[in-house]
Structures are given as structure tokens and as C-alpha cells.
Amino acid sequence: MLRMNWVSSGIASAVLWGFIIWATTTGINAATEVKGWQAWVTVNWTWLYILTQDVWFIFIIGLLFTKYKDVKLGRDDEKPAFSDYEWFSMLFACGIGVGLYTYGVAEPMWYYRMNYYNPQKIPIVNDDQRAQQAIFMTLFHWGIHGWIPYVLVAITLGVICYRHGRPMTIRAAFYPLLGENVNGLIGDLIDALSISCTTFGVCTSLGLGVTTIATAMNRLNSDISATSDTTKGLIIWVITGVACISVVSGLKNGIRKLSKLTFSIGLIFLFGVICADDPMFLMNSVVQSIGHYLQWVTVVGWDCDAWPVLNAVLKGGKNGWTHDDGTWKSTSKTWTQYAIGRHAEKNIIDAVSATAGNTADTANMYGATTSPYFMDDWTIFYWGWWISWAPFVGMFIARISRGRTVGQLIKGAFVAPVLFGFFYLTVLGSLGIKMQRVAELALGDSSTVDWSKGSGSVDCSAFGYAKGKLDTTLAKYAAGLQLQQAGYYPLSCRAGPDHILDVVEPYGSLARPFQALILIAVTLYFITSSDSGSYVDDLISAMGYESPPVLQKIYWCFTEGALASALVYSGGLKMVQAVSIVAGFPYTIALNFMCLALWRALQDEGGDEEYRRKRKGFNTCIFDFLERFNPDTAGASAPVQMERLLCVLKNFIYPFDAILKSKVAMGADYQFAMINAAAITGVLWTFIGLMASTHAGANTHAVAWLFCCIFIFCVANVRRELRNARNILGCALEDYTSVAILFPFALAQMEHEADADDKTA
């Protein structure tokens with residue numbers, strides 16, 4: 001018998017299988033559509049992704065300096081369920097391991113030589129600094145920032161579930177905010193979103209890594225095609241099958257053993273490479289790169305590409321920028337898809353330029369070699385990817401961290417895996433850059449590297465390469481072949497999945513064993529990611545029950561495999577990248593409220609006086625509409641169902657009563673309260689009127705949205721004042737967010753609170 005929450009499981013299944021069917025039937029057109037979704041997220045919300053990551057980090061680190069760092073995730077006398085080595089192995093394998101092989105060499109090489117428009121996030125004077133930036137940007141994307149959402153989810157679930165006896169589901173994390181309302185439809189929606197994000201996140205990893213596995217198999221056996229969809233499909237389903245076996249075996253028998261094996265193989269590979277190459281150079285690079293990261297991470301961590309994006313917008317047109325094929329480049333097309341606002345400035349530029357006989361808009365103006373959307377294409381992809389993994393990795397970390405304290409989890413997750421990841425990525429990136437330099441110096445031709453735009457891109461024909469392979473028709477074919485026979489490649493001219501395999505070619509008889517280790521490690525890391533994701537899906541769908549039926553476990557594994565296949569079939573890397581960003585967006589919003597929920601849970605644990613003396617909520621919940629206004633979930637003085645429904649409908653267009661009653665309940669003069677309520681109501685009506693005007697244009701809508709902002713500000717302030725007057729627990733974030741998103745429900749909540757007797761509310 002299945003043990004599912006049929007609502008959350010059904011919603012998540014509908015989303016996932018709907019996407020699978022749509023992507024499979026639509027094919028490559030699906031990737032184009034999803035890229036449009038990605039554009040909306042990145043263009044409008046880059047600042048949100050960047051800001052929230054940094055705020056979450058400040059919040060989490062701040063916990064280490066409070067009494068809450070000693071809160072135990074479990075009973076006070078409880079010991080950790082896993083040893084430090086087992087804990088770190090599972091934490092590393094689940095959270096980051098797979099990416100080290102997929103991007104360990106490929107990403108530094110992209111920044112060093114393959115990126116046509118250099119990110120230029122740090123000052124670059126010479127090529128050595130370019131190499132250092134390449135490693136720094138890789139560490140930036142795989143460092144502390146990536147673990148922030150994991151740790152936030154893990155601590156929140158650990159405190160609430162282990163200290164307060166809530167089931168291990170994502171909805172439990174919001175219990176301090178919503179109370180028993182998390183057990184209804186709102187909780188089902190939270191869990192459905194979590195299952196969807198988990199599955200998309202895992203499949204992003206599967207989709208990115210399948211090409212690496214196929215390439216490694218082809219390197220070891222040339223009869224196996226590295227590009228065939230059949231090969232990639234078989235890889236996905238073999239991984240899915242093994243993951244099913246692992247997740248059926250359970251946490252201790254399957255996932256724990258696989259994680260230890262995978263981590264051990266990774267250690268053998270890493271230290272084997274160091275010994276086979278130049279240990280002194282590699283250790284120097286590791287130490288130097290860590291210092292460079294500490295020097296620049298604060299600066300780059302707040303970078304939103306504000307000025308490069310403005311330059312791109314202003315130059316849109318003859319010499320503008322577009323994103324047609326995943327790269328930013330000069331084009332004759334008009335700026336459309338990424339337009340922000342009215343851009344009257346661009347019309348002025350074009351008109352004056354024509355009058356002056358100027359057709360320049362030169363590519364050299366305002367640092368044109370800096371990509372205007374580097375943060376969108378790379379950093380926001382990573383932030384979205386990490387965040388989409390947050391539900392499953394965070395819950396998994398919470399599950400394996402029982403018996404440890406909040407402080408131990410923070411230090412363990414931020415220090416050990418980050419430092420080890422830095423070691424890994426720096427070694428692999430340094431080997432890749434060194435191989436590239438050997439190839440360039442061996443050719444001895446200064447024209448190989450194009451410095452005309454300051455980008456440092458490479459002319460691959462100078463190495464005899466075209467489309468990632470040696471081309472016999474090119475003049476430099478013989479030189480390229482000689483390099484290859486010696487075990488060296490111009491990596492900037494090779495496909496990304498080849499990079500990790502190429503860097504071990506110089507080791508002679510050790511090359512094939514190293515490549516075999518890479519194949520085994522990547523495959524096992526994908527298996528551990530898949531089975532961990534399925535395990536978390538099982539937990540959420542089964543409302544925290546740790547031993548759901550086997551059939552249920554197999555179902556979620558099968559769904560992951562089907563989704564990964566659909567992603568690869570419909571658009572490959574670009575599709576996977578776009579999906580991760582889109583899937584991570586709603587969870588970015590949710591994690592902000594998870595911070596607040598965690599703080600309240602810790603206040604409860606610490607017995608804080610302010611938390612104890614305040615009421616835990618309004619007389620009615622703002623999300624009561626999801627429970628069909630069921631009075632059973634409300635306070636003692638809550639009105640009946642129909643009255644609550646009518647109140648909400650009224651407040652869509654007539655907030656007067658809610659504002660008036662709230663002001664009077666706070667002791668305001670009745671006449672003053674009436675004037676205040678009338679003014680706020682007038683602001684809302686002005687907004688509605690301007691938006692509905694048949695002659696409304698861009699200017700009219702701009703004024704309308706200004707009135708909307710004024711309305712939100714005024715109502716949120718009234719809600720805050722009412723909350724303080726009634727001694728209700730809350731904060732400004734809740735006030736402004738609730739009004740901005742659900743203002744009729746917030747107004748109804750305020751009206752019901754004002755109507756209630758203060759003693760019984």
C-alpha cells in the first residue's frame with residue numbers, strides 16, 4: 001500500500017510529467033520557450049538572486065555569534081548518527097561532487113581562453129592575472145555561496161523537525177510562520193514545489209553530466225558514440241536503475257556506502273594526479289588561489305552587471321547586443337527580448353546620430369569587451385542551480401546531521417566541503433591552463449591568441465582544429481597532431497566534456513587508468529545525487545515517513561530518469577541551464593521566509609522573552625482562502641466562512657472599512673481615521689482607473705504603478721501598527737510582502753482582527 005500525500009504528490013507529478021510530455025513532443029522548440037522564461041527571470045531579478053545569497057550568508061554566519069549555535073539538532077543527549085568521515089562523504093557527494101568533474105577543467109578554460117567577452121570582474125594587466133581570474137571565478141561559483149541555501153534549509157528543518165517533533169517535510173520549515181495551516185493546502189503546495197525543484201535540480205545535474213560520461217566511455221572504447229542520443233539515453237536509464245537499487249536499500253545500506261566509495265575514488269584520483277604532475281606548482285596555485293578568492297569574493301559577490309547592461313541597452317540597434325545563441329555579440333538587430341522600460345534614450349541616440357551623420361556606436365565604447373550579461377549567463381545559472389537543489393540537499397543534510405549542533409553544521413558545511421572543493425577545482429583548473437599554455441608555446445605563433453578586443457580568445461585554425469577536432473584540411477594540422485601524439489591539446493579548441501579527460505593524457509601509461517577512475521567517479525556521483533534526490537522526494541511525498549513502500553521509491557527514480565531524458569532530448573545544455581534558473585526562482589522567494597521561520601524557531605528554543613509574550617498570529621490566517629476559509633484553523637473570534645469570503649471580495653476594490661476599523665482599533669481619532677481610510681481608498685481607485693484607461697500609455701502606466709506602490713506602503717504600515725497594538729508576532733518583511741502579493745486577503749485579515757475582542761483575539 002502506498003503511503004503518499006496525494007495532493008502534493010499529485011500536483012508535483014502533474015508538473016513534472018506535464019513538462020516531460022511537452023518537452024518530448026515539442027523537441028528543440030521547448031528549449032527556445034524555456035530560454036524565454038529564463039530571460040524574464042535573469043533580466044528582471046538578477047539583483048534579487050545576488051542580494052539574497054549575500055543576506056542569507058550574513059544571517060547564517062551571524063548565528064555562530066549567538067547562543068543559538070549550541071542548539072542540538074535532536075535531543076540534548078543525542079549523538080551523531082554518522083561518523084565525521086561518513087557525514088562528510090555523504091554531504092560532499094550529494095551537494096557538490098558531480099560538478100567537480102563536469103566543470104573542474106572546462107569552466108576555468110572558458111574564462112581563460114574561450115569566452116569571447118571577458119567577464120573582467122577583477123583587474124587584468126597580463127595573462128597571468130587572466131589565468132588567476134579564471135580560477136577565481138570558478139571558485140566563486142563553487143564556493144561558499146553555493147552552500148548557503150543548503151545550510152539554511154538544513155538548519156531550519158533540523159531545528160523544527162528534531163526539536164519540535166514535526167515530520168521531515170519542507171512544509172515543516174514554515175510552521176513557525178503559518179502554524180497548523182501548514183497541514184492544509186498551503187503545506188501541500190509547498191511540498192509540491194519542493195518535489196518539483198528537487199527533481200528539476202537533480203535532472204539538471206544528470207543532463208549536464210551525461211555528456212561527460214559518454215565522452216569518457218568513447219575515450220576508453222571508440223566504438224561507443226559520445227554524441228548519440230541513444231548512448232546518452234542508455235546512460236541516464238542505467239544510472240536511474242542503479243539509483244533505484246540504492247534508494248530501495250535505504251540510507252545506511254545504500255547511500256552511505258556509495259558516498260564513501262565515491263569520495264574515496266575521488267581522493268585517489270586527485271592525489272594520483274598531483275603526484276604524476278608537478279606537485280610544487282599545484283600546491284603554489286592552491287594557496288595563491290585561496291588567497292585570491294578571499295581578496296575578491298566580497299566585491300564580485302555583490303556584482304549585478306549594472307553598467308555593462310546599461311551600455312548594452314543604450315547601444316541596442318546597429319551595434320547592440322543580443323542573446324540569440326547563448327553568447328552576447330554585436331548585431332544589427334533591434335534590442336527587443338531584453339528591453340527594460342521604454343528606452344526613449346535609444347531613440348534619441350539613433351536620431352541624433354543620423355542627424356550628425358554618425359554611424360559609429362563603436363564596439364570599443366564603454367568597455368565593450370566586458371560581457372553585459374555575464375552574471376546572468378553564469379552566476380545566476382549557478383545560483384539558480386544551487387537553489388533548485390536546496391530542498392533536497394538541505395533536507396538530506398538535515399537527515400544525516402541529527403545529533404550535531406547548529407554551529408557544527410554551519411562550520412562543517414561551510415569549511416570542509418568548500419576547502420576540499422577549492423583544492424580539487426584549483427588543481428584541475430591549473431592543469432588545464434598549463435596544458436593550454438604548453439600548446440600555445442609549442443606553436444610559437446603570437447597570432448594564435450587574439451588580443452584585439454582584450455578577450456584572449458584563440459584562433460583554433462592555428463592549431464589545426466575545427467569544431468573541437470583536428471582537421472586535415474588545415475595548414476597547421478601536422479603541428480596539432482604532433483601535440484596530440486605527445487598527449488597535449490589546445491583545450492580552448494576542444495569540447496568541454498573532453499577537458500577533464502585531456503589533462504591526464506600526458507601521464508603515459510597512467511592516462512587510461514586515470515580516465516577509467518574519472519568515468520567511475522562521475523557515474524557514482526550521479527548515482528548518489530539521483531538516489532539522494534529520490535530519497536528526499538520519498539520523504540516529502542510520504543509526509544516524513546522514512547520507510548515508504550518500494551514501489552513509491554521506484555516511481556520517483558523513474559520520474560527523474562524520464563525528466564533527464566526529456567531535458568537532454570529537447571535542448572541539451574541550454575535547456576538544462578534555463579530550467580535550473582527558472583526552477584530556482586520561486587524557491588528564492590520561499591527561502592527568505594525560511595530565514596524568518598528559522599529565527600522564530602530559535603527564539604522559541606532560547607526562551608526569548610519577546611517571543612514568549614507575543615501572540616503568534618492574527619485572528620485569521622492570510623492563507624485561509626486555500627483552506628476554503630475554514631473557521632477551525634482560525635482564532636476564537638473568527639467570523640463564519642461566508643462572512644470571511646465576502647470580506648475578501650469587498651477588499652479587492654473597497655479597503656475603506658478595513659483601514660477605518662484598524663485605525664480605530666488602535667485608538668486613533670475617528671475623524672482622522674476616516675480621512676486616512678478615504679485617502680488610501682482613493683489611491684487604490686486611482687491605480688485601477690489609470691490601468692483601465694483606454695488611452696493608457698507607457699507614461700500612464702508608470703504613474704499607475706507609482707500609485708500602486710504608495711497603496712502598498714500605506715496599507716503595510718497600517719498592518720504593522722495594528723500588529724504592534726495587538727502585540728502580534730511579526731516583522732516588516734511579512735507586512736509588506738503580504739500586502740504586495742495578497743492585499744485583499746491582508747486587508748480582510750486586518751478587518752477581522754479589528755472586529756475581534758482584544759481579550760479573545
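Quick one: work out Rg over Rh on the C-alpha atoms of the stretch 614-755, Rh as Kirkwood radius.
Reported Rg/Rh (Cα atoms, Kirkwood Rh): 0.99.
Can you spot the aspartates and glutamates whose alpha carbon is less than 17 Å from K260's alpha carbon? Ignore those fewer than 8 places along the same chain.
D84, E86, D531
May I ask you to list the chymotrypsin sites (Phe, Trp or Tyr not before Pro) in the stretch 5-65 that are in a DSSP loop and have at most 10 other Cβ atoms within 10 Å of their Cβ?
Qualifying residues, ordered by number: F65.
Count charges around S738 for me, please; just the other residues with Cβ under 15 Å from its Cβ, Lys/Arg as +1, Asp/Glu as -1.
-3
In a shell of Cβ-Cβ distance under 13 Å around K469, excluding K469 itself, what net charge do Lys and Arg (+1) and Asp and Glu (-1) give?
Around K469, the charge tally is -1.
My understanding is that a pair violates if its Cα-Cα distance is over 31 Å; which of K35/K467; K121/K467; K72/K121; K616/K661; K411/K434; K35/K121 do that in this structure?
K72/K121; K411/K434
Below 14 angstrom from the Cβ of A590, what's the summed charge of the other residues (Lys, Arg +1; Asp, Glu -1)?
Once all neighbours under 14 Å are counted, the net charge is -1.
For L261 and C731, compute 0.36 nm times the residue count separating them, minus their Cα-Cα distance, and round to one decimal in nm.
164.5 nm
Within the stretch 697-725, what residues put their amide N at less than 18 Å from the label point 7 Å along the Cα-to-Cβ vector of F672?
Flagged as within label range: 714-715, 717-725.
For the stretch 650-665 and the stretch 135-187, what is the centre-to-centre distance using only Cα atoms, to the nearest Å?
About 36 Å separates the Cα centre of the stretch 650-665 from the one of the stretch 135-187.
Sort T472, T240 by Cβ crowding within 10 Å, fewest neighbours at the top.
Ordered by Cβ neighbours within 10 Å, fewest first: T472, T240.
In sequence order, what are the phi-derived ³J(HN,Hα) couplings for the stretch 592-606 according to the Karplus relation 6.51 cos²θ - 1.76 cosθ + 1.60 with θ = phi - 60°, rounded to whole Hz, with x for glycine and proline?
These are the phi-based 3J(HN,Hα) values: 5, 6, 5, 4, 5, 4, 4, 4, 5, 5, 5, 4, 5, 5, x Hz.
If neighbour count is taken as other Cβ atoms inside 10 Å, put D76, D229 in order from fewest to most.
In order of increasing Cβ crowding within 10 Å: D76, D229.
Just want the ordering: C595, C197, from fewest to most Cβ atoms lying within 10 Å of their own Cβ.
By the 10 Å Cβ count, ascending: C595, C197.
Taken together, the values in this text are just the output of simple stated rules run on the coordinates, not laboratory data. Remember, predicted model here, so these are calculated numbers, not experimental data. FYI the Cβ positions are ideal-geometry reconstructions off the backbone, even for glycines, and counts take in every protein chain you see.
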